[in-house]
Amino acid sequence: MRLHSLATVVLVSAFAAPAWPAAAPAAPDTSRVIDMHLHAFASDLRWEARVGNPVTGQKMVATDEAAHREASLAALRRNGVAKAMVSGEWDAVLRWKETASDLVIAGYSFDDPEKLDLAFLRREHAAGRLQALGEGGPQYEGIAPNDPRMEPIYALAEELDVPLALHLHPGPPGGAYIGFPKARPSLGDPLLLEDVLPRHPKLRLYIMHAGWPYLEELIALMWANPQIYVDVGVLDWTLTAAELERFLGGLVKAGMGRRIMFGSDQMVWPEAIDMAVAAIRSADYLTEEQKSDILYHNAARFLRLEPTVPVAPEGAMETLPR
Ligand SMILES: [Zn+2]
């Protein structure tokens, strides 16, 4: 690359290899956690069918709303979780919020964006109940992230200045045969957001499941759009250890370690919270500082609980807040 001016040098230096902040905390603390991906249910067919843990086969520990909520909250507390983004059936989410108002960030779930009542969402936000939009799973409805039907929800998230959590993941194995006939893996390609993001520069988007398995595409999207974050929900307790290392380790190697947030996505298996936290805490390819960023600080910055730390070298142009 030829450099033609001082401005170019400054600009290019801002895009040089990401540097860790000089003033890193002395001893990274991996005991505190923010879980950006949890679900509440009022009822669930899997409870009726007593579906065991899909990884361990463990018998279901909770088969109704109250027992599931209590078991999930207990798992959060024993793992040091300070905040948890809970989405699912809205009434159930609000009951979680009532039970643990200090812990719960209430997210409004949707799959088909055309079924959303935007006036209702504005009212819920104004009343202080709605704190995030998502989990949004248009992929389950065969709707791509860049489908025009998604525009109103992107615009609303920007207007309300709330996080938007978008599911990008193939879903359960065989999903198209077990209740999600329109789900397609290719609709989870993170690059389908590349035209959306510049149209909505204030959007506080995080990609749930980090767009697995599209590692290269995700790196390209995150590089080009420094404001977006991801969570590793479901990956951290369902992928093989080797695949989690390839994907999560690959993201960190590419310099994205400060924009990856912990998520469990426990669904109807509260013990998945323990499995997910353990997978991060025991990852030998992450430093203690990277673990503490992923488990807590990255989400704390995304949620504006902690100030953003500049990443550009001193004196160089900062890009967008990260
Ligand atoms: Zn999901």
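Just so you know, all these numbers are worked out from the coordinates, no wet-lab data involved. Here the structure is a predicted model, which is why all the values come from computation and not from measurement. Cβ: placed from backbone, ideal geometry, glycine included. Neighbour counts: every protein chain shown.
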Helix 151-160 versus the longest principal axis of the chain: what is the Cα-based angle in degrees, 0 to 90, to the nearest 10? 80
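Over the range 30-302, calculate the relative contact order: mean separation of alpha carbon pairs under 8 Å at least 6 apart, over the residue count, as a percent. Intermediate results must be reported in sequence, preceding the final value.
Numbers: 518 pairs, mean separation 59.1, N = 273.
Worked out over the range 30-302, it gives 22 percent.
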Where the only charges are on Cβ atoms (+1 Lys, Arg; -1 Asp, Glu), what is the dipole of the chain about its Cα centre, to the nearest 20 debye? 400
Quote the FRET efficiency, to the nearest 0.05, computed for ALA74 versus TRP223 with a Förster distance R0 of 41 Å and r equal to the Cβ-Cβ distance. 0.55
Working from Cα positions, state the angle (0 to 90°, nearest 10) between the long axis of helix 65-78 and the longest principal axis of the chain. 40
Among all lysine pairs in the range 30-302 that are eight or more places apart or on different chains, how many have alpha carbons less than 26 angstrom apart? 7
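Rounded, prolate or oblate: which fits the range 84-139, taking a ≥ b ≥ c as square roots of the Cα gyration tensor eigenvalues, rounded meaning a/c under 1.5, else prolate when a/b beats b/c?
The shape class here is oblate.
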So for the pair GLU194, ARG123, with labels modelled 7 Å out along Cα→Cβ, what separation do we get in nm? 4.2
If you keep only loop residues by DSSP, which GluC sites (Glu not before Pro) in the range 240-322 have at most 13 other Cβ atoms within 10 Å of their Cβ? GLU314, GLU318
Can you tell me the orientation of helix 215-224 relative to the chain, as the angle in degrees between its alpha-carbon axis and the longest Cα principal axis, to the nearest 10? 60
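Could you tell me the relative contact order of the range 168-285? Use alpha-carbon pairs under 8 Å, at least six residues apart, and round to a whole percent.
Details: 143 pairs, mean separation 25.9, N = 118.
Relative contact order comes out at 22 percent.
Could you pull out the trypsin sites (Lys or Arg not before Pro) across the range 136-211 that fall in loop regions by DSSP (anything but H, G, I, E, B) with no more than 15 other Cβ atoms inside 10 Å? Spell out each step's value before the answer.
Numbers: sites: ARG149, LYS182, ARG199, LYS202, ARG204; in loops: LYS182, LYS202.
Listed in order of number, the matching sites are LYS182, LYS202.
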Using the scaling law 2.2 N^0.38 Å as the reference, what is the normalised Cα Rg of the chain? 0.98
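Is it possible to state the helix-based mean residue ellipticity at 222 nm for the chain, with each DSSP H run of 4+ residues giving -39500 (n - 2.57), the sum divided by total residues, to the nearest 500 deg cm²/dmol? What is it? Walk me through the numbers on the way to the answer.
Values: 14 runs with 102 residues, N = 322.
Rounded to the nearest 500, the figure is -8000 deg cm²/dmol.
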